[in-house]
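First the structure, in the form of structure tokens, and then the observations on it.
The values are calculated or read from the model by the stated rules, or taken from the named source; none is laboratory data. Keep in mind the model is a prediction, meaning the values are calculated, not measured. Note that each Cβ is placed from the backbone with ideal geometry, even for glycine, and that neighbours are counted across all protein chains shown. Calculation scope for accessible area: heavy atoms of the full protein, side chains included, ligands and nucleic acids excluded. Shrake-Rupley method; radii C 1.70, N 1.55, O 1.52, S 1.80 Å.
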Amino acid sequence: MRQRPIGTATRGTTNPNRLRRMDRWIADAHGPALRRAGTPVAVDLGYGAAPWTAVELLARLRTAEPRTVVAGIEIDPERVAAAKPYEREGLTFVHGGFEVPLAARPLLIRAANVLRQYDEDQVAEVWARLCARLDADGLLVEGTCDEIGRRHVWVALGPEGPRTVTFATRLGSLERPSDLAERLPKALIHRNVPGEPVHAFLRDFDRAWAAASPYASLGARQRWIAAVRAVAADWPVTDGVRRWRQGEITVGWDALRPNSR
């Protein structure tokens, strides 16, 4: 008998193009692993009441590796039934949860706006369960964004655990970097308080952004690049100007890891 899906149904709200920033980062950062794989399998975990995010994930990952296949996994069987008409070559929809009920080990699991609706003390267990399902070269991307995809923060994890945190934004909508705090994933959102590393990082980023105000006359992108370059002097920024130009900054997880309680 097949086991009951692990997890609980979330609100399921979504919009087309909501996850485009996350998808493009994945295609760039994880493209080499997709190309190395015999069968590159990706999972859109908890895609919600409509299948748009899974459809878009397939299209974006295929720009990196045309052989990629995507499985949308939902714990609500009615959502799976509603998505079935959208199945096509390379795209399937499956009833399941955090157990990821696929025969193959995925090269990618993307869980966007899922754990935000869980308790903080549940995150480590879910991360461990999902990482254990990954291919040896696999990646888990778990995070949160706003309703129209202007602001994202996500954690990237390998089979061994968390690696990096990425902050991504549409620069024209940004007043200060700490505006992204409202989209911190569940593992970090309650830690944006004095004494916690993520709070110190956002404080330093705001200061760098303020110091870079003379670059505003050249545009928000140039101001962002200048601010990120300043932050990188004190924090382990793991990407470069090519990604900064997209309104992104990626920082090593260990620098932002929450303090033990």
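For Rg and Dmax of the Cα atoms in Å, the value computed from the atomic coordinates appears in the list (1) 21.2, 98; (2) 21.0, 69; (3) 18.1, 64 under label (3). Beta bridges per DSSP, both residues in the chain: antiparallel share near 55 percent. Shown for the chain: the carbon plus sulfur share of the solvent-accessible area, taken with all protein chains present and a 1.4 angstrom probe, equals 50%.
Rolling a 1.4 Å probe across the protein heavy atoms gives the chain an accessible surface of 44 Å² per residue. A protection proxy built from the mean count of other Cβ atoms within 10 Å ranks the segments 48-57, 232-241, most packed first, as 48-57, 232-241.
Near Val114, the amide H atoms lying under 5 Å from its own belong to Gly143; only residues 5 or more places off or on other chains count, and H is placed 1.01 Å from N.
Quick check: the distance between the Cα centres of region 86-124 and region 225-239, to the nearest angstrom? The distance from the Cα centre of region 86-124 to that of region 225-239 comes to 32 Å.
Inverting the pair-averaged 1/r between distinct Cα atoms of region 171-235 gives 12.3 Å as its Kirkwood hydrodynamic radius. The simple Förster model, with R0 at 22 Å and r as the Cβ-Cβ distance, assigns Ala128 and Val94 a FRET efficiency of 0.55. Take the Cβ atoms of Ile6 and Arg245, set R0 to 35 Å, and the FRET efficiency comes out at 0.35.
Quick note on region 19-169: its Rg to Rh ratio, both from C-alpha atoms and Rh being the Kirkwood radius, is 0.92. Helix content alone sets the calculated 222 nm mean residue ellipticity of the chain: runs of n ≥ 4 DSSP H residues at -39500 (n - 2.57) each, divided across all residues, give -9000 deg cm²/dmol.
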